[in-house]
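The values are calculated or read from the model by the stated rules, or taken from the named source; none is laboratory data. Nothing here was measured: the structure is a model prediction, and the numbers come from that model. Here the Cβ is made from the backbone with ideal geometry for all residues, glycine too, and neighbour counts use every protein chain on show. Please note that ligands, DNA and RNA were not included when accessible areas were found on the heavy atoms of the full protein model with its side chains. Shrake-Rupley method; radii C 1.70, N 1.55, O 1.52, S 1.80 Å.
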Amino acid sequence: MTETQPTDPPAGTTPADPSYEMLPTALDSLSEGFVLFDAQGRLVLCNRRYREAYPQIADMLVPGAPFREILRQAAIRGGHVRAELDMEAWIDERMSRHEKNAGPVDLWLSDGRYYRLSEHAVPGGGIVKLLTEITALHESEMRYRDLVEQSPFGIAIAQDSVLRYANPKALEIMGADRADEVLGRAFQDYVLPGGDPLLYDLLSGHADEQRDGAVAAVDLQPLRGRQRHVEIGVSRTRFEGRDALRIAMNDVTARQDAERALQHAQKMDAIGQLAGGVAHEFNNLLTAMGGFAQMGLRTPGDQDRLRYCLQEIVSASERAAAMTRQLLDFARRETDHQSEYVDIARLLAELDAFLRPVLGEAVATRIEIPDEAMPVMVDRGALLQAIVNLAINGRDAMPGGGTLRIGARILPPGDPLRLRHPDLEHDSYAAISVTDEGVGIDQAIADRIFEPFYTTKAQGQGTGLGLPMVYATAVRAGGSVDMESAPGEGATFTLLLPITAIPEPEAPAADVLEEGGSLSGTVLLVEDDPAVLRFVRMALQDMGLTVISAGDVATATAAFARNGDTVDMLLCDIVLPDGGGDVLARRLARQRPDLPIVLMTGYSPVAARPDVQELAPGRVLAKPVDRAALSAVVRDVFEG
């Protein structure tokens, strides 16, 4: 039977009413399935669409058929249940749902399509069932679910400040094996301190709509496994009918590890070029220092000549110190990028002696040092490496020699150079330019020069890593890189770094050349280099202090055991032959909690370690030790 056949006319109509005659046709015209059962559970009306959805029991969907018998035939013909006991339980469950008018349910029926079945009570008794095909909607939802569940990116939903959903990749990033390990917890619980403040604004919902979807880079500590570096995007959404936040996560830990490895490889490539030139430069410095020392010893009675020789020795030692500091900054391998305030003018002033051995005598270097201060927040070692990389590229572009110009200027809003980079958001930028007179860069390859491993140099002469590292350094500091060039006209690369205001430093203590007696007290000095030990001891004695000297941890420990009550300050090198100076300092501090501690080190990353700064806050001297800096720290201890 293919047409709707009501048994009795609905209330208020008679078989002769036109409305009654139109009812079967009207029901059959519906795109939804329709069936009506009376209060006794017998079928009253059923349209064609409903029968089409149940082809196996279409012959049962006739007026007067009991709903329970329809269910029984559906179970038998559809093979839903086999045992009689199971069949009765299956029928009872569906009868109960039918009588209670349960909420909508989604079904896959024997016609191969998905439907949403809703049941509605009829006043006076009876049930109307509506069957709406949702195959397209269901398939769309399944595609969306598969897309989310199989996504290579972590996707989570946060609502009321806690996580309500997390896909498998998000669980992996957060180090969870099961969803219940993270659901109900705040996403911020996994974010390590010191991350991008934008993330907290986004997660709190305080960010304006223009920042919706903005990306912030953070470090996460998963429930299990190593720390992860993750790019986070947060945007508004709806979840179960209420406002929520969608959190998208891109785990870039592997990429960051690769960047560090590439950066280290590029450093090694540059250091190889540095070695010979640095040795030559240090030989020059040693020649100057040794030569002037010998000249001074020849005529010790000539005070003017002696002072001149000593001044030249001091000048050469300062040049050596600057080169050593830059070599350490350049060569250190950090586990994390450490940003600090860097004065561009001072960095460029120290750069000349460092670059000379790298570039060779065929290249003339012109460094224009700006008059105004340009403080930027950047990884000092990475910035130094970036400038050296650009300088080496400039040298290689001038095989016959030429002039390399390096300079810096402040880039105000509206500057044409800045207009080429509309994504720069800070008020002012430091523009550090490196310009060569070389062969130039063809515009056909200009867009590729920042790609990793892309190089225009001959095989074996370049890694293709230098410019990508330059770009990464600038972007990490919140800036960018600009390039201007044309074939045969040289090239100019410009690092654009945001200028950052820094607090006014305290005025340094005056370097008074006191003649003994100005201070009173005893210092335990621990230093393994004999020359450094003699210099520091003499400087302390010039201040009027008594000095107990030791060259290693064992000697210092024994000396403190004998004279601990009289020691007023510990001055200790961090690296000693039989142990760490910081370890010694902690041991002595446990015996004398009031003991002031001053540390010395020739390795800047050690000085920046949090445990070292906590042990001697503001009292870590960088080698080579400057007498003025030593005097300032010692006076702070004894007079502060």
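Quick notes
- Taking 0.36 nm per residue of separation and subtracting the Cα-Cα distance, full extension of the segment from residue 118 to residue 539 would add 142.3 nm.
- Residue 186 paired with residue 587, simple spin-label distance in nm, labels 7 Å along Cα-to-beta-carbon: 4.4
- Cα centroid separation - the range 550-602 against the range 149-178, whole Å: 50
- Protection proxy ranking, highest mean first, for peptides 421-430, 582-591: 582-591, 421-430, where packing is the per-residue count of other beta-carbon atoms within 10 Å, averaged.
- Measuring spread by the Cα atoms of the range 568-640 yields a radius of gyration and Dmax of 11.6, 33 Å.
- Long-range amide H partners of residue 575 with built H, under 5 Å: 581
- In nm, spacing of pseudo-spin labels at residue 87 and residue 164 (7 Å Cα→C-beta vector): 4.5
- For peptides 305-311, 147-153, sequence by mean Cβ density within 10 Å, most packed first: 305-311, 147-153
- Per residue, in Å², the accessible surface of the range 100-150 once ligands and nucleic acids are set aside, probe 1.4 Å: 64
- On the beta carbon distance between residue 76 and residue 106, with R0 = 22 Å, the FRET formula returns roughly 0.40.
- Under Karplus coefficients 6.51, -1.76 and 1.60, residue-wise ³J(HN,Hα) of the range 369-385 in Hz, glycine/proline x: 8, x, 7, 8, 6, 9, x, 10, 9, 7, 6, 4, x, 5, 5, 4, 4
- Spacing of the modelled spin labels on residue 578 and residue 22, each 7 Å from Cα toward Cβ, amounts to 11.0 nm.
- Within the accessible area of the range 530-581, the carbon and sulfur atoms contribute 56%, probe 1.4 Å, all protein chains present.
- Mean Cβ neighbour count within 10 Å, used as a protection proxy, ranking 388-399, 246-257, 293-304 highest first: 388-399, 246-257, 293-304
- Calculated FRET efficiency for the pair residue 419/residue 486, C-beta based, R₀ 22 Å, to 0.05: 0.65
- In sequence order, calculated HN-Hα J values of the range 424-439 (Karplus, 6.51, -1.76, 1.60; Hz; x Gly/Pro): 6, 10, 6, 5, 9, 10, 8, 9, 9, 10, 10, 10, 10, 10, x, 6
- Computed from the C-beta positions of residue 563 and residue 324 and an R0 of 25 Å, the FRET efficiency is 0.15 to the nearest 0.05.
- Zone residues, the range 519-538, relative to residue 636, backbone N less than 20 Å from point 7 Å out along Cα-to-Cβ: 519-526, 536-537
- Couplings 3J(HN,Hα) of the range 567-573, computed from phi: 6, 9, 7, 9, 10, 9, 6 Hz, in residue order, whole Hz [Karplus 6.51 cos²θ - 1.76 cosθ + 1.60, θ = phi - 60°; x for Gly and Pro].
- For residue 379, nonlocal amide neighbours, meaning residues 5 or more places apart or on other chains whose placed amide H falls under 5 Å from its own, are 340.
- In this structure, the amide hydrogen of residue 126, modeled 1.01 Å from its nitrogen in the peptide plane, lies closer than 5 angstrom to those of 39, counting only residues at least 5 positions away or on a different chain.
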